[in-house]
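Worksheet: the structure to be examined is printed underneath.
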Amino acid sequence: MGKQFIKDYQVTYYDCDAKSRMKLSTLLNVVIYFSGIQSEDLNRSDEYVHSLGVTWVVTNHEIEIKRLPKKKEKIVVITEAKSYNRYFCYRDFTVQTADGEELVVVHSTFALMDIESRKMASVTEEFLAPYESEKTKKINRPLNISLEKVDYERDYPVRFSELDVNHHVNNAKYIDWLLDVLGYDFLIAHTPRKLSMRYVREIEEGTIVKSTAQVEGLETKHQISVDGVLHTEALIEWRRENEI
């Protein structure tokens, strides 16, 4: 078990979608931001990490959703860097109501990447010591899907506002592309129950992103590509709005 970090947050109207619920991409941005605050408190800020010639990257998310927070709702985010091996670090986030009702659980996989070579760097015990994470030999198996057919497809130009401080597309933006391609009618009638996604490659400014999706009942498969090269893939399980 790692060292826990707990932070309160109140959902604002601009965090929400047309159903007055917190957008999944916004929720992901908030919880990742809170993990950064914990790292700063533990003297492992971005500046410190970059001084070592490396940077954090997200490789996978597993998101389990009982319900998304509502507009003006006060929530509590609990996070801990639970375990690590030579190349990957596993961090959990739990989003609760102020009364302790569990709403969303996020299991995230992080890796260190060499800033110059853009290749993965090894994780040391000394580097992670402040987090009190458990060392493990286990490596979580990454998502690997294929689309047998394309039911939805749409192109998105990468805009300046979608870039992060590393001049690559912000991780949460990928979720917007995954969902948006399904269209209004599908999204207004369904809400995600579980989302599994794998980041394969970074996306840079000036590119055209293609988001494709296959629908099989209450399950959708997704791929995000640039010039025919896969950059992200995802599997989403849905529930109908009238079943909530």
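Consider region 132-159 and keep the residues that are without any contact (Cβ under 8 Å) to a residue 60 or more places away in the chain and under 20 Å from the mean Cα position of the chain (by Cα). The one that is farthest from residue 4 (Cα to Cα) is 156.
Checking 225, 211 one by one, the residue that is over 13 Å from residue 143 (Cα atoms), free of Cβ contacts under 8 Å to residues at least 40 places away in the same chain, part of a strand (DSSP E or B) and of a type in the set (Gly, Ala, Ser) is 225 and no other. Take the conditions (1) touching a residue at least 40 places away in the same chain (Cβ under 8 Å); (2) more than 20 Å from residue 127 (Cβ to Cβ); residue 109 misses just one of them, which is (2). When you look at residue 108, is it hydroxyl-bearing (Ser, Thr, Tyr) and in a strand (DSSP E or B), yes or no? Here the answer is yes, as residue 108 does meet what is asked.
Only one entry of 146, 161 meets the criterion of being modelled with pLDDT under 95, in the same structural domain as residue 236 (by TED's automatic domain parsing) and either over 14 Å from residue 60 (Cβ atoms) or in a loop (DSSP other than H, G, I, E, B) (or both), and that entry is 161. Of all the criteria given as (1) crowded, with 20+ Cβ neighbours inside 10 Å; (2) under 18 Å from the mean Cα position of the chain (by Cα); (3) free of Cβ contacts under 8 Å to residues at least 40 places away in the same chain, the one not satisfied by residue 238 is (3). For first residues located in region 113-130 and in the same structural domain as residue 83 (by TED's automatic domain parsing), partners that are of a type in the set (Ser, Thr, Tyr) and lie 6+ apart or on another chain with Cβ distances below 8 Å form the pairs 113/55; 115/55; 120/87; 122/87; 123/84; 123/87; 128/84.
Inspection of region 199-219 finds a residue satisfying the criterion of being modelled with pLDDT of 95 or more, of a type in the set (Ser, Thr, Tyr), in contact with a helix residue (DSSP H, G or I) (Cβ under 7 Å, 6 or more places away or on another chain) and over 22 Å from residue 107 (Cβ atoms).
The values are calculated or read from the model by the stated rules, or taken from the named source; none is laboratory data. In this text, all values refer to a predicted model and were calculated from it rather than measured experimentally. Here Cβ is always computed from backbone atoms with ideal geometry, including for glycine, and neighbour counts include all displayed protein chains.
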